[in-house]
Amino acid sequence: STPCQIETTRMNGSDGPSDGSDAGDQSLGEGDIGINEGGGERASPSSAVESPEPTALPEQPEAVRVLTALMRQVPIPEEMSIAILRADAEGSGDAALTSGGSACAGGGPAYPVDAFKKVDEHLGLHAPDLPRLARDFRSDYYALRNLFRLVSHQVEYQDRHPNQQKPSLAFASSSSSDAGVVGTGSSSSPNSCHDDPVMTTPPKTKSLEFEIDTVLLRRRIMEATACLLLTCPDNATAWSDRRRALLFAEGDAEGHMSSRKVKSIFVSELKFLDLLFTTHSKAHNAWAHRKWICYRIVRDKISWNIRSTTTEDQWYLLQPWAQREIDLCTNVAEQFPKNYFAWAHRYYVISILFNHWPNDGKKYLSDVSVAGSLRSFLAGEVMFIEQWLATHVSDHAAAHYGTEALRLHLTHGFRSGAGVLRKKTGTAMEWALAVAEGILITSRHLIRKYSNHEVIWNWRRHVGLIFMDIICGEFGTEILV
């Protein structure tokens, strides 16, 4: 057994935690790595059903406590790097783990405090200590995972079958008015790719016959997964459990948490992903998680502003979010070239805007808001790609994104009718041909300058195919008045 493995109680052939020490009662703060909840001391659990003493969560490793404290420290970290932070080899890395040392508490004098370094908004991880940090983070997550899943499965079963006899599960809720028991969570699964089977019968494992503070457990899961994912960003299981914890927090909005606090939870999660992308920009599971977060933000922006029924009001609700995501994708693609995942996420953002508004003609948007309309937004994306390819002549992902953005721009121009040319007259085909022809002229100049770069030739070929589709009537022939 590992040094930080806690004593367990046999539950139908699997181990569950039964002893340990509490990891502290502080809640996560604003703009933090986890759930943005209110503070307050945790209510003392009452006596357990069969056990004479209440069961506490496993002790939190010191490495997790140090890293989470640094991530909460103002100013909140916005950039992370893994590098050599100190020159001395003694007390760092696996060499410092002696036979008498503990993988949870740290065997050398420098570990784990000197494994991290924070300067202003920059957070550094000492590279030689990375394997040992990953082991500590993984052991903390594994110690909590089975208990968290057992609790969440029983809660989901209670939500789906409210009229049936509930499994015997005792909860100890927080005394704070803003942090309720995670028992009213959404019954939907966190992600279709990582779902557990839908429970139609009670769990086969024995029900929890000891008390557990679900608010504290959820916070510990968020902290454990945050630390683990900063070192192992492609751990799909950790991302799935993190989504489950966010769903439980979202479910509390019906009870103790306000809609504003729930929105701040997802905004805080985006900030955590911003930090992660400064080092792990091509972790596909992290980008899938961000897509899941963005979907819920877009859905909630509309549902929580139900009075904003006009298209113009909805545009001003979603456009700042879309611009923030696009700026992130630009920064990531600039810092880490040829980043397919950043360009794919950028296309996901503009496709949401494209599918939400059927058109941007005078019937829906006033003349004052023309500059911020979807038509101008998509036109700006096409113009941006032309400028980008002039300085990034080997970025295949950017060229393919530009092709899709151009298709959306032209399709939107045809379906929006008079909104394309406004005071000018003509056919939509003439307008679309003029747009495509202008791009072909620009690409010709790029080919003369970079004749040996395949990306420029591919970009010109895709635009040429779109030009032929317009001539063949692929985009329609509506008359603009």
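Below is a table of values for the structure above.
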| item | result |
| --- | --- |
| Unmet requirement for Leu440, which otherwise passes all of (1) open to solvent by 10 Å² or more (accessible area, probe 1.4 Å); (2) more than 35 Å from the chain's Cα centre (by Cα); (3) at pLDDT below 95 | (3) |
| Qualifying positions in the stretch 447-475 - touching a residue at least 12 places away in the same chain (Cβ under 8 Å), under 18 Å from Ala428 (Cα atoms) and in contact with a Phe, Trp or Tyr (Cβ under 9 Å, 6 or more places away or on another chain) | Ile466, Phe475 |
| Among (1) at pLDDT 95 or above; (2) of a type outside the set (S, T, N, Q); (3) open to solvent by 10 Å² or more (accessible area, probe 1.4 Å) - the single one Arg260 does not satisfy | (1) |
| Residue count, the stretch 218-234 (criterion: assigned to a helix (DSSP H, G or I) and either among the aromatic types (Phe, Trp, Tyr) or more than 19 Å from Met71 (Cα to Cα) (or both)) | 0 |
| Any hit, the stretch 46-63, residues being modelled with pLDDT of 50 or more, open to solvent by 50 Å² or more (accessible area, probe 1.4 Å), within 30 Å of Val267 (Cα to Cα) and in contact with a Pro (Cβ under 9 Å, 6 or more places away or on another chain) | yes |
| Residue within the stretch 267-282 that is of a type outside the set (A, V, I, L, M, F, W, C), at pLDDT below 80 and open to solvent by 40 Å² or more (accessible area, probe 1.4 Å) present | no |
| Any hit, the stretch 451-465, residues being modelled with pLDDT of 90 or more, of a type in the set (Asp, Glu), touching a Ser or Thr at 6+ places or on another chain (Cβ under 9 Å) and under 27 Å from Asp395 (Cβ atoms) | yes |
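Condition check ((1) under 24 Å from the mean Cα position of the chain (by Cα); (2) at pLDDT below 90; (3) on the phi > 0 side of the Ramachandran plot) across all residues:
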position: Asp114; (1), (2), (3): no, no, no
position: Val119; (1), (2), (3): no, no, no
position: Leu125; (1), (2), (3): yes, no, no
position: Leu130; (1), (2), (3): yes, no, no
position: Arg135; (1), (2), (3): yes, no, no
position: Asp140; (1), (2), (3): yes, no, no
position: Ser152; (1), (2), (3): yes, yes, no
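The values are calculated or read from the model by the stated rules, or taken from the named source; none is laboratory data. Because the structure is predicted, anything quoted here is derived from the model rather than measured. Don't worry about glycine lacking a Cβ; one is built from the backbone with ideal geometry, like all the others, and counts go over all protein chains shown. To get the accessible areas, we keep the full protein, side chains included, count just its heavy atoms, and leave off ligands, DNA and RNA. Shrake-Rupley method; radii C 1.70, N 1.55, O 1.52, S 1.80 Å.
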